[in-house]
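The values are calculated or read from the model by the stated rules, or taken from the named source; none is laboratory data. This is a predicted model, so every value here is computed, not measured. All Cβ positions, glycine included, derive from the backbone under ideal geometry; neighbour counts span all protein chains shown. Remember, those area values only see protein heavy atoms, side chains included, never the ligands or the DNA or RNA. Shrake-Rupley method; radii C 1.70, N 1.55, O 1.52, S 1.80 Å.
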Amino acid sequence: MKYIGAVMIFFTCTLIGTYAADRKKRALDECRAFLDMMIYVKNQIGYFSAPTKEIYRAYENNILEDIGFLPAIRSCGNDEVYIDAFVSAFDSIEPKLSVSPDIKRLIRTFGSEIGKSMQPQQMKTFDFCIDNMNEREKELKTQTQKDVKLCRVLGISAGAAAVILII
Amino acid sequence: MNVQTEKILKYLPYRLSENIGDYLTKYPGVSESVTEIRLHASAPASITVNGVNIIDICGVYRCTPDEIHSTLIKLCEDSVHTYENTIKEGYVTLDGGYRIGVCGSANTVDEKVNGIYNISSLSIRIPHIVVGCSRGLLPLILSNGKIRSALIYSPPGVGKTTLIRDLALTLSSKKSPLRVSVVDSRREICIGDAFRDCIVDVLTSYPKAKAIEIATRTMSPQLIICDEIGTYDEAAAILSAQSGGVPLIATAHADCLSALKRRPNIGLLTDNDVFDICIGLRRDAGGCGFTFDAEELK
C-alpha cells in the first residue's frame, strides 16, 4: 500500500512538473503563432494591399485556431460595419492567453494599426512591432528552455523526495 | 427610407446618422432625392437634396477630425491601404456604386501625390437607379436605327452617371439588345444586380484609355459607354477606337458647350469629328427628370 502511494505521489509530482513546463511552452507557441500572423499580415498588406477581411479569411494557424482567435476574427466579417476586427477578437481571447502583458501590448498595437492608414505608415508600425516581437520571442525561447527543464526537474525531484520520505 | 441612403448611414458618426434619420423621417419624400452626404472636419455636415445643400439636418452637426478619419476607415472596411491609389486620386468607390470624395492635405513628391493626411472632408455620393430616365436621350442618339456617338456634358452632380447607367441598361436588355461595353473605371455605373439581365461587358477599374482599347479590340462592342473623359490618353484612345467604327457615349464635366470645347483634350475629340452630337444635361425644375440641350456637331 505504501509503495502504491509512493508511486502515485511520484507520478503526480512529475505530472505537475510536466504541466507547468507545458504552460511555459504554450506561451512560446502563442508568441510564435502571433508573430507568424503578424508577418503574414504585413506581407499581404505590403505586397498585395489585400483587404483585411480577405487576409483573415485566408489565414490558417492551428494554435490561433485552438485559442479561438481566428474564429473570433472571422466572425467579425459578418458585422454590419466592419472595423477593428483584430483588436476586438484579441480582446475577447486575451484573458486566456499565456503570453506576458508586454507581448500582449505589442500584439494589440500591431492590430490597432491594421488597415487604419496608408501602406507606408502601417509598415512602420508593423516593422516596429515585428522587430520587438522577434526579440521577445528569442528571450522567451531561451527562458522557456530553462523553465521547462526546471519545471520537469522540480517535478521529478519533488516526486522522488516524497517517495524517499514515504519509504 | 431609401435603401441606398439607409445603408450608408451606418457608417456615419452616430449622432449625425441619427440626425439624418430623423430628418428623413420628418420629410419622407426627401429620402429618394438625397444625392450626397458631406462631412467636414470642424464644420457643418450637409446633405444634398435635388441639388440643394441642407446644413440644418435636425440640428447642425460638426464632425471632429477623428470622426472623419474613422468614417473613412469604416467605409474602407478597415482596409485603407486597399484604396490607397484611389484615395490619392481623391476618391474611394465602394460596392454598390457609392463614390466617396476624399480631401485633406497632400504629401507630394515631384508633383505626384504620395499620400493624404489630415483628411478634412468626405463627400459621399449616393447612387440612384432611375429607371427610364434616359428615355428622352434615345431619340437624340438614334438615327435610322443606328447609334450615334454622343458627348453628354453637365456640371458635377446633375446626373450624368445615373443617365448613362440607365442608357446602358435600356440598350443592352430590351428585345434586341446591343453588345454594350461599359468602361466603369470607378465602379459607379454597373451597381448591384441591376445589370444581371443585360449583355453588358463591364471593364472595371481599368485606366479608361486602356479599357476603351481593350473593349474595341477584344469585345466587339456595338456601343461603348464611358463616364467622365478628359485626359489626353483617354482622348487618344477614343480617337483610335473611333477609327474602328464603334459608337461611343461619353460624359464630361462642363456647364456649357463652349466651355466643353475649350477643354483641350475634349477639343481634340470634337475637332476630329469623334462625336456626332453634344448633349447638355440639366435637371428639370422639379429636380425629378432631365432636360437635354442637343447640338449637332456633324
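Observations on the structure shown:
- Scanning the range A:96-116 for residues that are over 16 Å from A:Leu35 (Cβ atoms) and in a helix (DSSP H, G or I) returns A:Lys96, A:Pro101, A:Ser112.
- Residue ID - nearest to the other protein chains (Cβ to nearest Cβ), chosen from residues in the range A:96-121 that are touching a residue at least 40 places away in the same chain (Cβ under 8 Å) and crowded, with 20+ Cβ neighbours inside 10 Å: A:Gly115
- Matching entry among A:Ile39, A:Ile63, A:Ile55 (being within 11 Å of chain B (Cβ to nearest Cβ), of a type in the set (Val, Ile, Thr) and in a helix (DSSP H, G or I)): A:Ile55
- Residue count for the range A:84-95 under the criterion of being within 12 Å of another protein chain (Cβ to nearest Cβ) and either in a loop (DSSP other than H, G, I, E, B) or open to solvent by 30 Å² or more (accessible area, probe 1.4 Å) (or both): the result is 2.
- Positions within the range A:122-167 being farther than 23 Å from A:Val99 by Cα, without any contact (Cβ under 8 Å) to a residue 60 or more places away in the chain and either open to solvent by less than 30 Å² (accessible area, probe 1.4 Å) or among the charged types (D, E, K, R) (or both), in sequence order: A:Lys124
- Summed over the range B:53-105, the residues that are touching a Pro at 6+ places or on another chain (Cβ under 7 Å), more than 9 Å from chain A (Cβ to nearest Cβ) and polar (S, T, N, Q) give a count of 1.
- Exactly one residue out of B:Arg179, B:Arg196, B:Arg186, B:Arg217 is touching a residue at least 40 places away in the same chain (Cβ under 8 Å) and farther than 25 Å from B:Tyr83 by Cα, and it is B:Arg179.
- For the range B:248-278, filtering for residues that are of a type outside the set (A, V, I, L, M), under 18 Å from the mean Cα position of the chain (by Cα) and surrounded by 20 or more Cβ atoms within 10 Å (Cβ to Cβ) leaves 1.
- The sole residue among B:Val49, B:Val3, B:Val34 that is more than 30 Å from A:Phe48 (Cα to Cα), at pLDDT below 90 and open to solvent by 30 Å² or more (accessible area, probe 1.4 Å) is B:Val3.
- Members of the range B:92-119 found to be in a strand (DSSP E or B) and surrounded by 18 or more Cβ atoms within 10 Å (Cβ to Cβ), listed by number: B:Val92, B:Thr93, B:Arg99, B:Ile100, B:Val102, B:Gly104, B:Gly115, B:Ile116, B:Ile119
- As for the range B:14-25, it holds no residue that is part of a strand (DSSP E or B) and buried (at least 19 other Cβ atoms within 10 Å of the Cβ).
- B:Gln4, sole failed condition from (1) under 22 Å from B:Val130 (Cβ atoms); (2) outside any strand (DSSP E or B); (3) touching a Leu at 6+ places or on another chain (Cβ under 9 Å): (3)
- Note on the range A:42-52: among residues that are assigned to a helix (DSSP H, G or I) and touching a helix residue (DSSP H, G or I) at 6+ places or on another chain (Cβ under 7 Å), the one that is farthest from A:Met123 (Cα to Cα) is A:Thr52.
- Here B:Lys10 clears all of (1) charged (D, E, K, R); (2) over 21 Å from B:Gly192 (Cβ atoms); (3) surrounded by fewer than 17 Cβ atoms within 10 Å (Cβ to Cβ) except the condition numbered (2).
- Here B:Arg165 fulfils each of the conditions (1) surrounded by 22 or more Cβ atoms within 10 Å (Cβ to Cβ); (2) assigned to a loop (DSSP other than H, G, I, E, B) apart from (2).
- No other residue among B:Tyr27, B:Tyr61, B:Tyr14, B:Tyr23 is in contact (Cβ under 8 Å) with a residue 40 or more places away in the chain, out of contact with any Ser or Thr (no Cβ under 8 Å at 6 or more places or on another chain) and of a type outside the set (S, T, N, Q) apart from B:Tyr61.
- So B:Glu67, is it among the acidic types (Asp, Glu) and in contact with a Leu (Cβ under 8 Å, 6 or more places away or on another chain): yes
- Selected residue (only one of B:Ile225, B:Ile229 is closer than 21 Å to B:Ile87 by Cα, among the β-branched types (Val, Ile, Thr) and surrounded by 21 or more Cβ atoms within 10 Å (Cβ to Cβ)): B:Ile229
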